[in-house]
Structures are given as structure tokens and as C-alpha cells.
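Report on one structure; see the data block that follows.
The values are calculated or read from the model by the stated rules, or taken from the named source; none is laboratory data. In this text, all values refer to a predicted model and were calculated from it rather than measured experimentally. All Cβ positions, even for glycine, are placed from backbone atoms using ideal geometry, and neighbour counts span all protein chains on display. Calculation scope for accessible area: heavy atoms of the full protein, side chains included, ligands and nucleic acids excluded. Shrake-Rupley method; radii C 1.70, N 1.55, O 1.52, S 1.80 Å.
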Amino acid sequence: MAKKYIDVMDTTFRDGFQSVFGGRVLMEDFFPAVEAAAEAGIRHFEFGGGARFQSLFFYLNENAFDMMDRFRAIVGPDANLQTLARGVNTVMLDTGSREMVDLHAKMFKKHGTTTIRNFDALNDVENLKYSGERIAYHGLKHEVVVTMMDLPPGCVGAHDVAFYEKTLREILDSGIPYSSICFKDASGTSSPQKVYETLQMARKLVPEGTHLRLHTHETAGVSVACYLAALDAGVDGIDMAAAPVSGGTSQPDILTMLHATKGMNYDLGGLDIEKILKYEDVLGDCLKDYFMPPEATQVSPLIPFSPMPGGALTANTQMMRDNNMLDRYPEVIRAMREVVEKGGYGTSVTPVSQFYFQQALNNALMGPWKKIAPGYGKMVLGYFGKTPTAPDAEVIRIAAEQLKLDPTTDNAIDIADRDETKSIAYWTKKLSDEGIEATDENIFIAASCDVKGIAFLKGEATVNVRKNSPKTAESKQPNQSNQENFTMANGTYTVIVDGQQYNVQIVDGNANVQSVSVAAPVAPVAVAQVAAPVAAAPVANANAICAELPGSVFKLVAAVGDSVNAGDKIMILEAMKMEIDVVAPRNGKITSISVNVNDKIEAGQVLAVVE
């Protein structure tokens, strides 16, 4: 009896890169591995979309459309190249208008895409209707998605088999065109039994011959068990990645799954172990210079309590490293449980996972619900669609008060259509004003990446990737000082100071406290000096506006000499993927602005003075 053929999508070059490196891998560095993957017989790749669209413009000074074209040229015309889209958000963190949703499908078809996997983090089917229609209209395969996770312990009301059946029935009844259906768990928290029962339910519900897939992450340590459960329930396809960007926060390793299904009646993509070994060797060599965060290679038993998806976990920890805040990470993860519950149980996948993290960060740093993150606030107020359950009434009240927005039940895409800044005409004029040609590609880049997209198109973008310091011959000389050796020693170290253990992350000579754990009393050992936090200097001018969080200056809206009213926007900061408006606290005139665009800032730093 022939084995059942299981389609395998290699997620290495999209979700793998996002889950491990925050999407920051240069195309020239990984293209040899794409060639090796094709030679190994892989014909289905996830090659773009999701966070791997914006990240190329934000951090790599690369054009995502160029990358997609070159990827297609390497693998040939017959490979199934797949991207990830977020319903009405497409590849943006905010909702797009109908014009932008259509332009997304048109451009991705033009630049080599075969299939678009299309999800809505709230499982609001209204957000999938128009996007799915346009994907099919432009000749692409539409893989419609039901998003999954397990709720934190003690939480009930959604994300059980009955909830997924309701969502799937709505998709089937809506008439949305689709070529396949995926159940996607970005946090890897769904239990194997729930996966089995959900896929078994779906197999009975969908028309005969429907291609069903499961996507998960190893983050919580149960991904292989979930894939085996899905195979047992009749799934037709699964997603895997190649080492060194497999396991941990990414998808299970191809070799691991080939081993796990030995002796079973499944043929995983017709793949050969020896050929995959060669491919992984090439990939490892391509990525050997990239700094790999230790948390990217681990599973965490705490993830089901958060739940934090693999694709967002390392991006957020890297940003916390950049802002010298990584010691607060466990506190933020603990705060996510309440944020998820009171937010209405949207699935923890982009953009909702980022809303959860941003709000948990605010709650940890500023006190519970003292500061509503804009994305989280707009979500509970209904601006991204309908949440699976009603958000907490008090949180809705606080969000409405702080954001000065009323709750809404309007469809998210209708709201976007009313926003002039989400129109093609607006971005065409914006490009013209900047002296940039208004091609379809440039319009979409500018609309999806805003200021950073414009900077890229003007040739002003910079490269921001994390690579290990080169080990020079001089670094091995016996007469080199201990401090110089310490500077070159990238990695994670356990340091004991006054009887307490600290995990210290060394990156390019910079030592940051990663996490703190109290150990049994031991004799003090002076392994390294860990500096105590330095309190922000007192502000001399009572009219000064100070930064609430560390981050960078994203955009200056006002200028010195401008008259402003209380609440007027002065500048926009970027912190932890949040865009934070800095507003005038009173009526007056701006007498000074002490920062420039792209400046790094510390919490408590003076940004401007309004007198």
C-alpha cells in the first residue's frame, strides 16, 4: 500500500528567519541555501510576506519585491512560492483600504508568488472576504486560515474545538474562494489532543478533496506531537524548517519530522534525509556569522501562560536588548496573561501578538492599565474587527478615554476606506512631493512602510543586522588583557554577584543583564561587574516633555517656534515596534526640541519643551 503523500512547505526563509533573527537576514547571505534547498528536492517554500516584507525595508536596506524576483529565478517557474498575509492588514500592522488590499495581491502576483496564506488574528471572517476575493481575482491560490492557540490556564470562552468549528463554518458559508485551508498556531500552544479533534472536525466538515494543513511552532515544546496528531486526523500538509533556524521559536526541523514519522504510512514531500543533510550544512554555513539569540533555540514551559508566538518572541527580546530592558522580559510575559484575557481572546499572532506584548510591557513598566498601547486600545474598541469574546468593559472605557475614540462595530475595511491616508491618491502625491516615481511597487512600499519606506526609496535607509564579531588572530594572543578577551566573547554567561546569579548576554562587547534568578547563597565571586541601574537625571525645566520608554525618534511632526494646543502631536517615537505619539501637555509654544529623527533615547530623557 502506497504511503500517503504529505505536502511539506519549507518555512526557513520566511518564518524561520522571522522567528530566529527577527527577519533580519540579507538576501546575498542566504541565496546559496535556497539553491541547496532546490537541489534537495524542495518545491514548496514560504518566501516572503508577513514581517519579512517590512523588515527588509526597515532593517536591511533591501527591496522585498527584488528579493522575491530573485528567489523565483533560483527555484524555477514550477515551485510553489507562498507568502503570508493578514487579511485586511495585508503585510502592514494597520488595516488597509480596499485599494491597498487589491494592490497587495496584484504586486505579489507580479513578483513571483503562487499562493497567499491569508489569516485574521481575530478570526473575524469579515476581514477575510475582500482580501480572499482579490487574491483569487489576481490568479493566486488562496489558502484561507483559522488561527489557533490555547488560552492561558483558567481562561475560557474561545479557542476550543467548538469555536474553530464556528469559524470554519462561517468561512465555508461566506463564499470566500479558497484552494486550501490552514489551521495556524503561531504560538505553538495548542495541545495535541485539541489539534487532533479540530482537524478531525474539519475533515468531516469540508468538501471531499479539500487540502488541509497545520502550521505550528516548537515554542512550547509540543509541535512534533501536534503534527503527529494532525497527520493521524487526516491533514494533507505541514510546515517545517531547516537547521539552524528550526525548533525553538521556529517550526520543527525537517530531519526531526522525517525521523518522527519513520515506520508510519506517510511520505513527507518525497524528501531524502541525505539530501536534506547537505542542504542544512549549506544553510548553517550561510548563517554562521549571524548572532543567534539563545532564546531562539529553546522551548519555554511558560509560553502557554502568555502566549507569545515564536515569530514575535525573538523580535521583542532583541528590541529589549537594544533598549537595555531584557531583565524585564519575564515580568512582561507574566503580564500578558491578563492582557490576553481582557483583550477578548484574539489569537496571539501578528498584529494582535504585538498588541498584547505592547500592552503587557506598558503594564509592567507603568502599572496596570495606566497607559493603553494604541494598537491594543484600537483592538478592544473594535477598529480591527470583532474579537472572539467581548473585551473587558473597564479596559474599553480606559482605552476610549485615553485614545479619544468611541467603540465601533463598523467593518475594519470600511473604516480604512474612509481614511484618506490609506488611499492610492494620497501616496501618489506623497511620492511626487518627495521626487519619487509613483510606480505600483513604490506606492505599496510607501503605504506599508510609511516614513521608513520613503527613506528607503530615497536611498537613506541603513542596515541593522546582528552579526558576531570576527575572531581575529590578535584576539588569541596570550598577552591580551582579560577585558579584551571579554569583549570578543559573544554569548550568554552566568555571573554570580553577592550570592545572586545573573544571566549576562555579551554582544559585540556589550554586557546586558538578560534575566535574574535567586540562587542558594554562595560565596561572592567577582567574575564581572554588573552596573546598578542609573536613575534618570531630574528634569530642571518643569515644562519639559520626557520619554516614557527607551526607543528611537521615528518622526518629528512639529518644529521649534510652533504654537500648539494641549494634545497636539509633536513627534512620534518608536519603541518595541510601537509608534508612540508625544503630545503637548499644555497650550503654548515649542521653545526647544532636543532630538532628531533616528536618535536613540532613554526613558526620562528630555525630548522637547513647551512654554
Can you give the accessible area of ARG43 in Å² (nearest 10), computed on protein heavy atoms with a 1.4 Å probe?
100
Which whole-number value in Å² is the accessible area per residue of the stretch 1-78, probe 1.4 Å?
31
Vicinal HN-Hα couplings computed from phi for the stretch 40-53 (Karplus, 6.51 cos²θ - 1.76 cosθ + 1.60; Hz; Gly/Pro x):
7, x, 7, 10, 10, 10, 8, 10, x, x, x, 6, 7, 8
Counting only residues 5 or more apart in sequence or on a different chain, those whose built amide H sits under 5 Å from that of GLY49 are LEU84
Compute from the Cα atoms of the stretch 101-178 the Rg and the Dmax, the latter being the longest Cα-Cα distance, and quote both in angstrom.
14.3, 47
Quick one: pull the percent of accessible area on the stretch 62-216 belonging to carbon and sulfur, 1.4 Å probe, ligands and nucleic acids left out.
49
Average projection area in nm² (convex hull over Cα atoms of the stretch 396-446, one quarter of hull surface)
4.8
Using each residue's phi in the stretch 243-250, evaluate 6.51 cos²θ - 1.76 cosθ + 1.60 at θ = phi - 60° and report the 3J(HN,Hα) Karplus result to the nearest Hz, with x for Gly and Pro.
5, x, 10, 10, x, x, 7, 9
Whose amide H sits under 5 Å from the amide H of GLU548, counting only residues 5 or more places off or on another chain, with H placed in the peptide plane?
GLY604
Rg to Rh ratio, the stretch 295-366, alpha-carbon atoms and Kirkwood radius?
0.92
Can you give me the % of accessible surface on the stretch 255-360 that is carbon or sulfur? Probe 1.4 Å, all protein chains present, nothing else counted.
53
Where does the stretch 207-251 land on Rg(C-alpha)/(2.2 N^0.38 Å)?
1.24
Tell me what the chain gives for mean residue ellipticity at 222 nm when only DSSP H runs of n ≥ 4 count, each as -39,500 (n - 2.57), the sum divided by the residue total, rounded to 500 deg cm²/dmol.
-11000 deg cm²/dmol
Per residue, how much accessible area does the stretch 183-250 have with a 1.4 Å probe, in Å²?
26
Under a 1.4 Å probe, counting only protein heavy atoms, SER180 has an accessible area in Å², nearest 10, of 10
Spherically averaged projected area in nm², based on the convex hull that wraps the Cα atoms of the stretch 46-143:
5.9
Taking Cα centroids, how far is the stretch 331-409 from the stretch 144-160 in Å?
17
Those trypsin sites (Lys or Arg not before Pro) from the stretch 310-387 that are DSSP loop and have at most 14 other Cβ neighbours within 10 Å turn out to be LYS370
Heavy atoms of SER594: accessible area, 1.4 Å probe, square angstrom to 10:
70
For the stretch 284-406: accessible area per residue (Å², 1.4 Å)
36
Cα centroid distance between the stretch 431-460 and the stretch 176-205, in Å?
38
Using the Cα gyration tensor of the stretch 1-47, with a ≥ b ≥ c the square roots of its eigenvalues, what is the shape: rounded (a/c below 1.5), prolate (a/b larger than b/c) or oblate (neither)?
oblate
Which whole-Hz ³J(HN,Hα) couplings does the stretch 552-557 yield from phi under the Karplus relation 6.51 cos²θ - 1.76 cosθ + 1.60, θ = phi - 60°, glycine and proline marked x?
9, 7, 8, 7, 9, 9
In Å³ per residue, the alpha-carbon convex hull of the chain encloses 178
